[in-house]
Each structure stands twice: as C-alpha cells, then as structure tokens.
Amino acid sequence: MTHKIIAMVPARAGSERLKSKNLRLLDGKPVISYVIEAAKRSGAFADIVINSDTSIFADIAKRYGVNFYARPEKLGSSETKSDDVVADFIAAHPCDIVVWVNPIAPLQPAEEIKSVIDYFIAEEFDSLITVKNEHVHCVYNGNPVNYREDELFAKTQDLIPVQTFVYSIMMWRTKRIIANMVTRCFPGKRATFLSRKTLPSS
C-alpha cells in the first residue's frame, strides 16, 4: 500500500530560548537547511514543506527546493500549541501521514528518518515520537522512578534508563489525529523511537 507522506519542517520566527535558532549558521549554512537536505535524501516524502509564521523562510524554502506554508498569524506566538500547528497544517496539506521533522536535530541522518518512517508503517502505528535514553536518577511527585530509596545509591550505568522526548521527529496518521486532537496529542497505537543524533532544544 502506498502512503502519501508529507514532511513538515516547523520554523517559528519568535523562538524565545535561542533567538532565530533556525537561521543560525552551522558551518556556513542555516541550521534548518540540514534537516531539509536530510529529509530530501531520505526519499520518504511526497512533499517537504517549511511551516512558518514569517516569509523569510519562503526564501530558504526556494533556495533548498522545497515548499513553504505561511501558517496563520495566530499560530505564531509562544503560546501556540504544537497540536494546533499540526491540525492547521493537515487541513491545508491532505495526506495519509504527516511527519514533523524538527530543525533542532540538524545531525539526524537521512537513514534514520527513513528508518523511523519504515518502522511506523510496518508496525501500523498511529502516532510516534523520538526519544533518548537518560541514565540518571529520576523522581516524580517526590517518588523515585528508577531507583530504590531503601537501597545503596545505584551507579548511574546500572539504572534502568528513563526515556525523554527529543522531538526530532514526530508523526501521525492524519485521520487518527484529526479525530482525536482535542483529547490527546499522540492518539491510537503509539510508539517511541530511540534517536541517535540529536541536539538540545534550548
């Protein structure tokens, strides 16, 4: 079965933690260009679209041979939820699967992008997010998560790792997410994928 898969590369202009992070130069090229090129090399997408609230990324899209979508102005603030950005994008770009390919992970290779998508399709998942393993002592609501308080202090390498979201790739079957967007961001049969090449998002 052939799936229409579209890559959405988000690029909000008003990043607060690291100003203009998608336009920062890495070895002479804007950070966002690396994920665009990796997405193209993966050969997994019917279309690759930069989704932004500013027209400066339209020029970058043209330079790197992909499309540009100007999201509504109301979806450009720091208060905007990712769910709303995805729902708006899907409404404007009908497809079977939408893949959020995040510029915060410029080191993610094309092979990994393809592997994530192949895994998603083969296992018939409805939603997925990339994660990384963290060998650290963790507490939630004052209670230990992956160690015991009544034992000697565990070596970090002996801990069961917790998995934290890295957001380098998220993906959804569009029919499933549109039906469930109001109640949950990762609906249906959910999956995680251990990503190897990420950078901090701050």
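The values are calculated or read from the model by the stated rules, or taken from the named source; none is laboratory data. Values in this document were obtained by computation on a predicted structure and should not be read as measured data. Note: ideal-geometry Cβ built from the backbone for every residue, glycine included; neighbour counts use all protein chains shown.
VAL98 - would you say it is closer than 17 Å to ILE50 by Cβ and surrounded by 18 or more Cβ atoms within 10 Å (Cβ to Cβ)? So VAL98 passes the test. Looking for something touching a Phe, Trp or Tyr at 6+ places or on another chain (Cβ under 8 Å) and either buried (at least 21 other Cβ atoms within 10 Å of the Cβ) or modelled with pLDDT of 95 or more (or both) - is there at least one such residue anywhere in the stretch 23-31? So far as the stretch 23-31 goes, no, none of its residues is touching a Phe, Trp or Tyr at 6+ places or on another chain (Cβ under 8 Å) and either buried (at least 21 other Cβ atoms within 10 Å of the Cβ) or modelled with pLDDT of 95 or more (or both).
Every residue, every condition in (1) without any contact (Cβ under 8 Å) to a residue 40 or more places away in the chain; (2) in contact with a His (Cβ under 8 Å, 6 or more places away or on another chain), yes or no:
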{"position": "LYS29", "(1), (2)": "yes, no"}
{"position": "PHE45", "(1), (2)": "no, no"}
{"position": "ASP53", "(1), (2)": "no, no"}
{"position": "ALA70", "(1), (2)": "yes, no"}
{"position": "ILE97", "(1), (2)": "no, yes"}
{"position": "ALA110", "(1), (2)": "no, no"}
{"position": "LYS114", "(1), (2)": "no, no"}
{"position": "ILE121", "(1), (2)": "no, yes"}
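Note on the stretch 34-115: enclosed strands (runs of 3 or more DSSP E) holding 3 or more residues that are over 16 Å from THR130 (Cα atoms) and at pLDDT 95 or above are 47-52, 67-70. Kindly indicate the residue of the stretch 158-202 that is within 9 Å of ASP126 (Cβ to Cβ) and small (Gly, Ala, Ser) and also modelled with the lowest pLDDT among those meeting that condition. Checked the stretch 158-202; the qualifying residue modelled with the lowest pLDDT is GLY188.
Of everything listed in (1) more than 30 Å from ALA46 (Cα to Cα); (2) part of a strand (DSSP E or B), the single unmet condition for GLU149 is (2). Scanning the stretch 101-119 for residues that are surrounded by fewer than 18 Cβ atoms within 10 Å (Cβ to Cβ) and of a type in the set (S, T, N, Q) turns up just one, SER115.
State yes or no: is SER78 within 18 Å of the chain's Cα centre (by Cα), small (Gly, Ala, Ser) and surrounded by fewer than 21 Cβ atoms within 10 Å (Cβ to Cβ)? Answer is yes for this residue.
Being of a type in the set (Val, Ile, Thr) and assigned to a helix (DSSP H, G or I) narrows it down to one of ILE169, ILE177, so name that one. The conditions single out ILE177. Go through the residues of the stretch 7-15 one by one and say whether even a single one is modelled with pLDDT of 95 or more, in a strand (DSSP E or B) and β-branched (Val, Ile, Thr). Yes. Residues being touching a residue at least 12 places away in the same chain (Cβ under 8 Å), farther than 26 Å from TYR34 by Cα, of a type in the set (Asp, Glu) and exposed (fewer than 14 other Cβ atoms within 10 Å of the Cβ) are entirely absent from the stretch 135-153.
Taking the stretch 85-119 as the range and being touching a Lys or Arg at 6+ places or on another chain (Cβ under 9 Å) and β-branched (Val, Ile, Thr) as the test, the residues that pass are VAL85, ILE97, VAL98, ILE104, ILE113.
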